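Participant: Have a look at this one.
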Amino acid sequence: MDINTSDFDYLRQLVYQHSAVVLDGDKTYLAELYLQPIAEAAGFTTITNLITYLRHQPLNDLHIQTIEALVTNETSFFRDTYPFEALKQLVLPDLIKKRCIERSLNIWCAACSHGQEPYSVAILIREHFPLLANWSLNIIASDFSGKVLARAKEGRYNQLEIRRGLPNNLRERYFKLLDNEWQIHDEIRKIINFRQINLIDSWSILPNIDIIFLRNVLIYFDIATKKDLLTKVRQQLNPDGYLFLGSGETTINLHESFERVQFDKSIFYRLRPVASDITPRK
């Protein structure tokens, strides 16, 4: 049964209120696809009956399941390649030099979905920066969905997921085949610190961050929310830190605190120095 406009508008409002994600008005097919299993498992004969129930109940687990089902969780290993090349060739070497005394590095993969991005970062570091094994390396991976985060923690991927972006040599080195699925080795999985964080809520549990991956996230928010999130990034990112956004995202016309940097085919962002950071010429 097709979802009517009123019911879909309710779903859009529900998702926006609790995640700030904006669902396009033409995405009713997503609701029909992803909510049917939830409706059936909860004992409803139709999605319409599920929505009627949700409308008249205080926020509960079914609301959370519905919201999580409607928020996109698309990702892959080493997605788009170029940001990881910039990480390997420029960003990490720069920060390793600057942090050589404290020997500490904080990296945050926000909206990590099923974990491919933080695992890609951890594998890259293990491959190319073995010296960081003796550092205080904190790779934080967060998502607002507890269900999605549980999958990420497990670090287990089917054949289609493992083929997306992961070279065969890295698959053989860092994964083992179990029951026709690929399980990441514990030595990599234990590097990642998984935390449930809704980006529109407080980030107070986070330390100051050296590298933030907020890739392919801003595209799902309205302009006001994008500006709010970039303000929070400004407060969380160390002054010499780096921000990576998705290829279709930018801080331009959203937040003046960031400057765009291009390295080869990768684009990322750094904080503009504030007046107090600039030493006047004599």
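Participant: Would you work out which of LEU54, ILE3, THR66 lies farthest towards the positive end of the dipole of the chain, given +1 charges on the beta-carbon of Lys and Arg and -1 on that of Asp and Glu, about the Cα centre?
Facilitator: Going by the charge dipole, the pick is THR66.
Participant: Quick one: pull the percent of accessible area on the chain belonging to carbon and sulfur, 1.4 Å probe, ligands and nucleic acids left out.
Facilitator: Values: 7020 of 14390 Å².
Whole-percent figure for carbon plus sulfur exposure: 49.
Participant: Which of the GluC sites (Glu not before Pro) found in the range 58-97 are loop residues per DSSP with 14 or fewer other Cβ atoms within 10 Å of their Cβ?
Facilitator: Numbers: sites: GLU68, GLU74, GLU85; in loops: GLU74.
Loop-located and lightly packed - GLU74.
Participant: While we're here: Whole-Hz Karplus ³J(HN,Hα) for the range 195-201, in order, using 6.51 cos²θ - 1.76 cosθ + 1.60 and θ = phi - 60°, x for Gly and Pro?
Facilitator: 9, 8, 9, 8, 4, 7, 9
Participant: Same structure again: Please give me, ordered by residue number, the trypsin sites (Lys or Arg not before Pro) of the range 39-126 that lie in loop per DSSP and have at most 14 other Cβ atoms within 10 Å.
Facilitator: Numbers: sites: ARG55, ARG79, LYS88, LYS97, LYS98, ARG99, ARG103, ARG126; in loops: ARG79, ARG99, ARG103.
Counting only loop positions with at most 14 other Cβ atoms within 10 Å, the trypsin sites (Lys or Arg not before Pro) in the range 39-126 are ARG103.
Participant: Between ARG234 and LYS88, what's the calculated FRET efficiency when r is the beta-carbon distance and R0 is 45 Å? Round to 0.05.
Facilitator: On the way: r = 26 Å, r/R0 = 0.57.
The value I calculate is 0.95.
Participant: Which of ALA122, ALA111, ALA42 ends up with the largest GNM mean-square fluctuation for the chain, with Cα atoms connected below 10 Å?
Facilitator: ALA42
Participant: So what J values fall out for the range 202-219 if you push phi through Karplus, 6.51 cos²θ - 1.76 cosθ + 1.60 with θ = phi - 60°, rounded to Hz, Gly and Pro as x?
Facilitator: These are the phi-based 3J(HN,Hα) values: 5, 9, 5, 6, 8, x, 5, 10, 8, 9, 10, 9, 10, 8, 6, 10, 4, 4 Hz.
Participant: How much of the DSSP bridge set in the chain is antiparallel, in percent, rounded to the nearest 5? Mind dumping the intermediate values first?
Facilitator: Numbers: 14 of 33 bridges.
Looking only at bridges with both residues in the chain, the antiparallel portion is about 40 percent.
Participant: Starting from 0.36 nm per residue, how many nanometres of slack lie between ILE223 and LYS27 once their C-alpha separation is accounted for? List each step's numbers first, then the result.
Facilitator: On the way: separation 196, 0.36 × 196 = 70.56 nm, distance 1.99 nm.
Here the answer is 68.6 nm.
Participant: To continue, here is another question. Assign one of three labels to the chain, namely rounded, prolate or oblate, based on the Cα gyration tensor with a ≥ b ≥ c the square roots of its eigenvalues; rounded applies when a/c is under 1.5, prolate when it is not and a/b is larger than b/c, and oblate otherwise.
Facilitator: Details: a/c = 2.29, a/b = 1.42, b/c = 1.61.
Oblate shape, in that a/c is at least 1.5 and b/c is the bigger or equal ratio.
Participant: What number comes out for accessible area per residue over the range 5-78 if the probe is 1.4 Å? Units Å², please.
Facilitator: On the way: 3750 Å² over 74 residues.
Solvent-accessible surface per residue comes out at 51 Å².
Participant: Also: Got a sec to turn the phi values of the range 70-76 into Karplus ³J(HN,Hα) couplings, 6.51 cos²θ - 1.76 cosθ + 1.60 with θ = phi - 60°, whole Hz, x for Gly and Pro?
Facilitator: Along the range 70-76, the couplings run 8, 9, 5, 10, 6, 6, 7 Hz.
Participant: Hey, if we sort GLU154, GLU259, GLU161, GLU40 by accessible area with the 1.4 Å probe, largest down, what's the order? Walk me through the intermediate numbers first.
Facilitator: On the way: GLU154 90, GLU259 65, GLU161 35, GLU40 115 Å².
These residues rank, largest area first, as GLU40, GLU154, GLU259, GLU161.
Participant: Something else about it: Let's see if you can work this out: charge +1 on each Lys and Arg Cβ, -1 on each Asp and Glu Cβ, no other charges. What is the dipole magnitude of the range 136-282 about its Cα centre, in debye to the nearest 20? Before the final figure, lay out each step's value.
Facilitator: On the way: 23 positive and 18 negative charges, 38 e Å.
It works out to roughly 180 debye.
The values are calculated or read from the model by the stated rules, or taken from the named source; none is laboratory data. Just so you know, these numbers come straight off a predicted model, no measurement behind them. Virtual Cβ from ideal backbone geometry, glycine too; neighbours counted across all protein chains shown. For accessibility, only protein heavy atoms count, side chains too; no ligands or nucleic acids. Shrake-Rupley method; radii C 1.70, N 1.55, O 1.52, S 1.80 Å.
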